Every structure is written in structure tokens, then in C-alpha cells.
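Take a look at the structure below.
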Amino acid sequence: MPPPVPVVLISEMFPPKVGGTAVLYDNLYRRLGLPVTVVTEPLAGQPPGYAYVHATIGSTLRGVREPGALSQHIRLARALRRLRPAVVHCGRLLPEGIPAMLAAATARLPFMPWVHGEEINSALQSREHTLLLRLVLRRARLLVASSGNGRAVLETLGVHRDKVRVVYPGVEAFRFATARPIRRADGPIILTVGRLQRRKGHDLILQALPDVLRRHPSLHHVIVGEGEERPRLEALARELGIAASVTFVGEVPQNELPGYFAGCDVFVMPNRVDNGDFEGFGIVFLEAAAAGRPVIGGRSGGVPEAVEEGQTGLLVGGTDAAELARGLDVLLSDEQRRRRMGEAGRLRVEQRFTWEASAAGLRAAHLEAAGAQV
């Protein structure tokens, strides 16, 4: 029998998949200071430095009652038992928490799911998923929330705060502070980075732009990211007559992102709650701050923890285009304020949101879940 491994992370969201969650896990687990085995889907371009066990996580399979879903969860549980980790780390409560819970029941393996918050509301839309969610929450050794908001959501479900450890995302501040700017226009640039989803508020920016362009006619909006909303957003830009002032870049490699942040004047993502879906934290706000750029975010989810309102940026409701237009005008009209907020954001990131500090928090939670001395 192979020797046990210290850490197993089971997660569908892991590089080369794109998104804040994948960035979070890669940056934290490579700094954990312990050997890590990642159970994830077989994809080309996975980062070095980990051992891999390839398996289909199957987030689209509903619950456990369907034969395909149940057999898949059982296979994953067997794989976890063979690895015999000190702790199983789950990328989400569902579906990753289900095989971890089965392994815990049959081999007494402690497991520790990540909680971002938005996945809970999604699970609560289904009676079966709600039952599974509550079982996973009850049987997990510890829970790791990526924001205080995530912990607050758990408390509404009756989880005691003593069972939750908050581990914030971090940023490699130097990469963003020293990046060579990538500019897509000669005038002022507002930037949005993120998957094109309704909760991100891309459409609200487009709706605000005609008013902003009247006062700042050379303004250009650069949108980095892909997603199901792109056709609708492109059509909206044409309908509003602002297509010439908007560039859809699509996905870009991670090593190019710092240049886009460095090349903008204001970062904006007016996130909102959409059918229970919300922004868990928003690493992009920290990345913009690390580049010394002021930000505008939505006053929902974990974003108020990423943006210090009035100091590193502005917060808006996420549903009022006129409110967003006023916020953009305030920042675009005042270079000194932009510079002041950008510097405050950079300093805050350097002091509070490093990957090293976050990894230390995760390691402490891991040792606690394993029953070791922290």
C-alpha cells in the first residue's frame, strides 16, 4: 500500500481552468509547505508542483439519486481512501464534499470544504441539494470561508462561527505594481476583468456609458473575459451606440493580466446578486489595487471586504446605471483622487492580502483539522 499523503485537494476548479477560484487554489496550495495531491479533471496544461489523480468531478450531475452520480461519488470516495490523506480539502461544499463525506464515513478521513458563499444559495434551490449541503456542513471537521461574508452565510444555516476559518485570497503585489501597461486606446480607460456573467454587472457599465461619454468623450471600456453573456453584451453595446468605445478582448493568459490592470485608469465591476448568485470576494479588486488603480465594485457578497469604500474605491448598488455613471465621473474627473485611492489600495494589499499570509492561515486550519499542533 502506498504511503499516506498529507493533503488532498479535490476540486473541479483548478488550472488550467480560468477564474478566481482556480487562481486562489493554485496560489495557496503551492505555498502550503506540504505535499499536495490534486484530484481534478484530466486537462492539458495543469501546473507543475503537484501530484495529480484524474477523475471526473461531475458538477452537472444532480445529487446522488441518479445512478451515474452515485457511482461517481463512490469511485471518488474510494480514491480518497486509497490516498489516506491527513485531511481532504474540498474545493466546494457540493459536489466535492459528497465523496469526501463518504470517505469520512467509511475510513474516518477528516475533510474540510471551502465555502465561497454563492454556491450555498444555488444548492438551496433544490430540496435534495439542501439535504446534502446540511449533511456536509454537519460532518465536516472544519470549514474554510474565503471571506467574512461566506462565514456570515454559514451562520444563517446554523453553523457556529467557531467551526469556520476565514482565509482571504492574496495577490502577488510586485507583479502588478511593476507591470508594463497594455493600453487598447489613447484616452482614459476603464477596465473590467472577469467571466461574462450576469452577476458581474457588465450590462450596467454599458448602460452607464452613454452618460459618461458625454462628459468624457475619449473614454474607452476594455472588457477582459469570456462567458455566456458575451453575445447579449455585444448586442447591447451596438444598441446603445457605444460599440466603438468598447473592446471585448476575450480571455487572456494570466501573465498578461497585470499589464491590463496597469494600463487602465479605473477598474470597474458593479457586481450584484442575481437569482441568489453573488460574488464571493473578488480577487480582481485586489489585483487592481496592487496595480495602484482605484476601483468601483458592487455593494454585495464579499466585495465590501475587498474594497475599502471611500479609501481604495467606491461601492455602488449594482442596479442603478445613473449611480454608476456618477461614480465613474467622480473618479475620471479627479486625477488626484484616483492616485490617492490607488496608492491606498496598493498599501492595503501589501499589508493585508499577501499569498504567504493566506497560505499560513490555510496551513493552520489544515493542522487543526488533522488534530496536529498548530
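Values in this text are rule-based calculations from the coordinates and carry no lab data. These numbers come from a predicted model, not from an experiment. Neighbour counts run over all protein chains shown; Cβ positions are idealised from the backbone, glycine included.
Suppose the chain between Arg180 and Arg138 were pulled fully straight at 0.36 nm per residue; how much longer would it get relative to their current alpha carbon spacing?
Between Arg180 and Arg138, full extension yields an extra 10.3 nm.
Against the longest alpha carbon principal axis of the chain, how many degrees, from 0 to 90 and to the nearest 10, is the axis of helix 97-107 turned?
For 97-107 against the chain, the angle is about 20 degrees.
Under 5 Å between amide hydrogens, which residues at least 5 positions from Gly227 or on another chain qualify, with H placed 1.01 Å from N in the peptide plane?
Those lying under 5 Å, H to H, from Gly227 are Leu196.
Of Met13, Met101, how do they rank once you tally other Cβ atoms within 10 Å and put the fewest first?
Met13, Met101
Would region 318-374 count as rounded, prolate or oblate if I go by the C-alpha gyration tensor, calling it rounded below 1.5 in a/c and otherwise prolate when a/b exceeds b/c, oblate otherwise?
It is oblate, given that a/c is not under 1.5 and a/b is not larger than b/c.
Report, by chain and number, residues whose modeled amide H sits under 5 Å from the one on Ala145, excluding near sequence neighbours (fewer than 5 apart, same chain).
Close amide H contacts, sequence-distant or interchain: Val115, Arg165, Val166, Val167.
Calculate the FRET efficiency for Arg352 and Ala322 from the Cβ-Cβ distance with a Förster distance of 51 Å, rounded to the nearest 0.05.
That gives a FRET efficiency of 0.95.
How big is the chain by the Kirkwood estimate over distinct Cα pairs, in Å?
Kirkwood radius, the chain: 21.4 Å.
Can you say what percent of the DSSP beta bridges in region 173-352, counting only those with both residues inside, are antiparallel? Round to 5.
The antiparallel fraction comes to roughly 5 percent.
Taking K and R as +1 and D and E as -1, what net charge do the other residues with C-beta under 15 Å from the C-beta of Val222 add up to?
-2
Can you bin region 247-316 into rounded, prolate or oblate? Criterion: square roots of the alpha carbon gyration tensor eigenvalues sorted a ≥ b ≥ c, rounded for a/c under 1.5, prolate for a/b above b/c, oblate for the rest.
In terms of gyration-tensor shape, oblate.
Pull out a ≥ b ≥ c, the square roots of the eigenvalues of the alpha-carbon gyration tensor of region 173-352, then state rounded if a/c is under 1.5, prolate if not and a/b is larger than b/c, and oblate in the remaining case.
Judged from the Cα gyration tensor, region 173-352 comes out rounded (a/c under 1.5).
Between Gln336 and Ala44, what FRET efficiency follows from the Cβ-Cβ distance if R0 is 35 Å, with the result rounded to 0.05?
With R0 = 35 Å, the Cβ-Cβ based efficiency is 0.15.
Using each residue's phi in region 236-248, evaluate 6.51 cos²θ - 1.76 cosθ + 1.60 at θ = phi - 60° and report the 3J(HN,Hα) Karplus result to the nearest Hz, with x for Gly and Pro.
Here the 3J(HN,Hα) series is 5, 4, 5, 4, 7, x, 10, 4, 5, 9, 10, 10, 8 Hz.
Return His366, His220 ranked ascending by Cβ neighbour count within 10 Å, so the fewest neighbours appear first.
Sorted ascending by nearby Cβ count, the order is His220, His366.
How much length would be gained if the chain were fully extended between Lys163 and Val273, taking 0.36 nm per residue of separation minus their Cα-Cα distance, in nm to one decimal?
37.0 nm
Can you give me the Cα centroid spacing of region 136-166 and region 25-46 in angstrom?
What the calculation gives is 23 Å, centre to centre.
What's the local net charge at Arg108, with K and R +1, D and E -1, over the other residues with C-beta under 12 Å away?
Summing Lys and Arg as +1 and Asp and Glu as -1 gives +4.
Between Arg78, Arg238, Arg175, find the one with the highest GNM mean-square fluctuation for the chain; connect C-alpha pairs within less than 10 Å.
Arg238
Taking amide H positions as placed 1.01 Å from N in the peptide plane, with prolines and chain starts having none, which residues 5 or more places from Ala55, or on another chain, fall under 5 Å of its amide H?
So Ala55 has HN proximity to Thr40, Glu41.
Listing Trp355, Trp114 from the residue with the fewest other Cβ atoms within 10 Å to the one with the most, what is the order?
Going from least to most buried by this count: Trp355, Trp114.
Tell me, what HN-Hα J-couplings in whole Hz come from the Karplus equation 6.51 cos²θ - 1.76 cosθ + 1.60 at θ = phi - 60° for each residue of region 315-324, using x for Gly and Pro?
Those phi angles translate into 10, 10, x, x, 10, 10, 5, 5, 4, 5 Hz.
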